[in-house]
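These notes are about the structure you will find just below.
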Amino acid sequence: MDSILVTGGGPLNGQIPIAGAKNACLTLMPATLLSEEPLTLTNAPRLSDIKTMTLLLQSLGAEVSSLQDGQVLAMSSHDLTSHVADYDIVRKMRASNLVLGPMLARLGQAVVSLPGGCAIGARPMDLHIHGLEALGAEIELKDGYLHAKAPKGLKGAVIKLSFASVGATENIMMAATLAKGTTVIKNAAREPEIVDLADCLRKMGAQIEGDGSPDITIQGVDRLHGATHQVVTDRIELGTYMLAPAICGGEVELLGGRIDLVGAFCEKLDAAGIQVTETDKGLKVSRRNGRVKAVDVVTEPFPGFPTDLQAQMMALMCTAEGTSVLEEKIFENRFMHAPELTRMGARIDVHGGHATVTGVERLKGAPVMATDLRASVSLILAGLAAEGETVVSRVYHLDRGYEHVVRKLSGVGARIERVRDQ
Ligand code: UD1
C-alpha cells in the first residue's frame, strides 16, 4: 500500500484550487435515478468515492461517463436494469445508501444493503427508514438488506427528524420530488450540500422550497427531466487547506473558496490568530505574528463547526499556545487521530466526547497510520509543521476525499511525496 512522506518545514506560499464537493457529488449522482433523461454534473472531484458511486449506479443499469479528466460526469438512467444495491459496493462507502430514496420513487421498489458501522461510529439508518415509511414505503430488513417497496406509490407527509441528518434529509427530499402531494421535512439538515442538491433537483423540474432552513417543503411532480449542474465548492477541502498556512505560516490563496461555506470555522481561525480575507478569486489565509492561540471547538450540524474539520483543527491546536478542548457531538468515535498525533509528540487527553489538547512548541515527525478520511489529512497537516519526516500509511483513505493532495500542497512549497508500494 502507498504511503505519503512529509518533511516538515517552512512557510507555504501560493495558490491552491479547491475542487467540487465530494459530499455534494455523492448525493447529486443518485439524483440521476429520478429521471429517464440525462443529468450532467460539472466541477466533479476526481476521487475514489466518486468511482465507487459510478460503479454502483452502473450496477443498477445507469450509464455514467467520466469526461474532461473526470471533471464532468454525464449520466443517464433511461433504462434501469436492477433495483439492488449490493453489499460488495455499499460496504465500501456509506453514501451508497443515497440510492434508496430515488430508486423507491422512480421504480416503486429498492433493495439496498445496510452499510454497517464504520470507523467513526455506528451510523444507523433509522431516520432514513422512518422518513421513507412516512411517505408510504414498506421497508423490512432481510439478510442484511433493506427491502423497500411502495406498491401504491409515495405520498407526501410531514416528517420531523429527531436529528438533522444530512443523508436522511437527502434521501427523503429526493424521494418526495416524485411523491403525490406535499412533503415537509422538519428539522432538516441545512448543509450547503443539501442546498446544492435542491438546486439541481429544481433544474430537473422539482418543486422545493426552504432548503438551507430547518423546514423544507417539496411539492411532488409526475416526472423530472434532464439537467446540467455545477457541483458546489468542497467546504471541507477548503477548510483543510486553509489550515496549511495556519499551521506552517506563509500566505495561501484558496481558489474558489467562499466564506459563507466556512463561517463558523473562520470564527475559530480568527480567535486562534489566523487572518482570512476575501479576494476576487477566493479566500486568502495567513497567520498573524507569533504562535497560534488555543481555542475550544464544539462540532455541530451546519452552520456550526463541521465534524469533518475536527481532526484537522486538532492538528492545529497541537502546536497552539495554551490548552483547548475539542468536543465531538456528531460521531461517537471520532478521535482516532489523537493517538497518532500523540506519536508525533502532541499532548492530547481524550475522555468520552472531549479531547483536551495542550499545545507544544514543535511536533516531531513519526510513522503514523491513517484511520479514516479526515484523520489521514490531519496527520499530513501535522507532518507539515513537524520537525523531520512523517510517513502516513494507509493513504487509500485520503484518495477517497482529496484529489491531487501531493500536487496541491507541493504547489505551495510543501515537501510532500507519495511513496509507491513496490
Ligand atoms: C454526512 C457526510 C459526512 C459528515 C456527516 C455529518 C456525506 C456523504 N457524508 O454523512 O462526511 O461527517 O454528514 O456532517 O455527505 N444518524 C442516525 N440515524 C440515521 C442517520 C444518522 O442516528 O438514520 C446519526 C449518525 O450516526 C451520526 C449523525 O446522525 O451520528 C450524523 O449523521 P448524518 O448527518 O446522517 O451523516 P451522513 O449523512 O452519514
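Which residue, of 105, 110, 137, 150, is more than 21 Å from residue 219 (Cα to Cα), open to solvent by less than 70 Å² (accessible area, probe 1.4 Å) and modelled with pLDDT of 95 or more?
On the way: 105 fails: more than 21 Å from residue 219 (Cα to Cα); 137 fails: more than 21 Å from residue 219 (Cα to Cα); 150 fails: more than 21 Å from residue 219 (Cα to Cα).
Only one candidate qualifies: 110.
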**Request:** Taking the residues in region 314-333 that are without any contact (Cβ under 8 Å) to a residue 40 or more places away in the chain and open to solvent by 20 Å² or more (accessible area, probe 1.4 Å) as candidates, determine which candidate is nearest to the ligand (Cβ to nearest atom).
**Result:** 330
**Prompt:** Does residue 282 fit the bill of being in contact (Cβ under 8 Å) with a residue 60 or more places away in the chain and on the phi > 0 side of the Ramachandran plot?
**Reply:** yes
**Request:** Within region 24-59, track down each residue that is open to solvent by 10 Å² or more (accessible area, probe 1.4 Å), within 16 Å of the ligand (Cβ to nearest atom) and either closer than 14 Å to residue 200 by Cα or without any contact (Cβ under 8 Å) to a residue 12 or more places away in the chain (or both).
**Result:** 51
**Fill in**
Within region 212-244, of all residues that are within 15 Å of the ligand (Cβ to nearest atom) and either at pLDDT below 95 or in a strand (DSSP E or B) (or both), the one least open to solvent (accessible area, probe 1.4 Å) is 216
**Asked** Which residue, of 96, 65, is surrounded by fewer than 24 Cβ atoms within 10 Å (Cβ to Cβ) and of a type in the set (Gly, Ala, Ser)?
**Response** 65
**Fill in**
(1) within 25 Å of residue 18 (Cα to Cα); (2) modelled with pLDDT under 95 all hold for residue 417 apart from (2)
**Extreme residue, nearest to residue 24 (Cα to Cα), among residues of region 158-177 that are touching a strand residue (DSSP E or B) at 6+ places or on another chain (Cβ under 7 Å) and open to solvent by 20 Å² or more (accessible area, probe 1.4 Å)** = 160
**Message:** For region 398-422, give me each residue that is of a type in the set (S, T, N, Q) and either open to solvent by less than 70 Å² (accessible area, probe 1.4 Å) or closer than 16 Å to residue 237 by Cα (or both).
**Reply:** 410
**Asked** Within region 61-75, can one find any residue that is in contact (Cβ under 8 Å) with a residue 24 or more places away in the chain, within 30 Å of residue 286 (Cα to Cα), part of a strand (DSSP E or B) and under 18 Å from the mean Cα position of the chain (by Cα)?
**Response** no
**Item:** Every residue from region 336-384 that is closer than 27 Å to residue 48 by Cα and assigned to a strand (DSSP E or B)
**Value:** 367, 368, 369
**Message:** Restricting to region 258-313, and then to whatever is outside any strand (DSSP E or B), at pLDDT below 95 and in contact with a strand residue (DSSP E or B) (Cβ under 9 Å, 6 or more places away or on another chain), can you tell me which residue is farthest from the ligand (Cβ to nearest atom)?
**Reply:** 290
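Let's see how each residue does on (1) hydrophobic (A, V, I, L, M, F, W, C); (2) closer than 20 Å to residue 316 by Cβ; (3) within 16 Å of the ligand (Cβ to nearest atom); (4) out of contact with any Asp or Glu (no Cβ under 8 Å at 6 or more places or on another chain):
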{"position": "348", "(1), (2), (3), (4)": "yes, yes, no, yes"}
{"position": "363", "(1), (2), (3), (4)": "yes, yes, no, no"}
{"position": "384", "(1), (2), (3), (4)": "yes, yes, no, yes"}
{"position": "391", "(1), (2), (3), (4)": "yes, no, no, yes"}
{"position": "406", "(1), (2), (3), (4)": "yes, no, no, no"}
{"position": "411", "(1), (2), (3), (4)": "no, no, no, yes"}
{"position": "416", "(1), (2), (3), (4)": "yes, yes, no, yes"}
**Asked** Of all residues in region 185-209 being open to solvent by 30 Å² or more (accessible area, probe 1.4 Å) and not charged (D, E, K, R), which is farthest from the ligand (Cβ to nearest atom)?
**Response** 207
**Asked** Just for region 164-182: of the residues that are in a loop (DSSP other than H, G, I, E, B) and hydrophobic (A, V, I, L, M, F, W, C), which one is farthest from the ligand (Cβ to nearest atom)?
**Response** 178
**Message:** part of a helix (DSSP H, G or I), closer than 20 Å to residue 305 by Cβ, out of contact with any Gly (no Cβ under 8 Å at 6 or more places or on another chain) and of a type in the set (Val, Ile, Thr): is that true of residue 247 in this structure?
**Reply:** yes
**Request:** Can you run down the residue pairs with Cβ atoms below 6 Å, 6 or more apart or on separate chains, where the first is in region 82-97 and within 13 Å of the ligand (Cβ to nearest atom) and the partner is modelled with pLDDT of 95 or more and open to solvent by 40 Å² or more (accessible area, probe 1.4 Å)?
**Result:** none
**Request:** List every residue pair whose Cβ atoms sit under 6 Å apart, with the two residues 6 or more apart in sequence or on different chains, where the first one lies in region 163-187 and is free of Cβ contacts under 8 Å to residues at least 40 places away in the same chain and the second, anywhere, is among the small types (Gly, Ala, Ser) and within 12 Å of the ligand (Cβ to nearest atom).
**Result:** 187/164
**Asked** Among the listed residues 123, 46, which satisfies the condition of being touching a Lys or Arg at 6+ places or on another chain (Cβ under 7 Å), in a loop (DSSP other than H, G, I, E, B) and either more than 27 Å from residue 237 (Cβ to Cβ) or among the basic types (Lys, Arg) (or both)?
**Response** 123
**Prompt:** When you go through (1) surrounded by 19 or more Cβ atoms within 10 Å (Cβ to Cβ); (2) closer than 19 Å to residue 249 by Cβ one by one for residue 362, which number turns out not to apply?
**Reply:** (1)
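The values are calculated or read from the model by the stated rules, or taken from the named source; none is laboratory data. Just so we're clear, the structure is a prediction, and the values are computed from it rather than from any experiment. Note that we place each Cβ from the backbone using ideal geometry, even for glycine, and neighbour counts take in every protein chain shown. The protein model used for the area step is the full one, side chains on, heavy atoms only, and it has no ligands, DNA or RNA in it. Shrake-Rupley method; radii C 1.70, N 1.55, O 1.52, S 1.80 Å.
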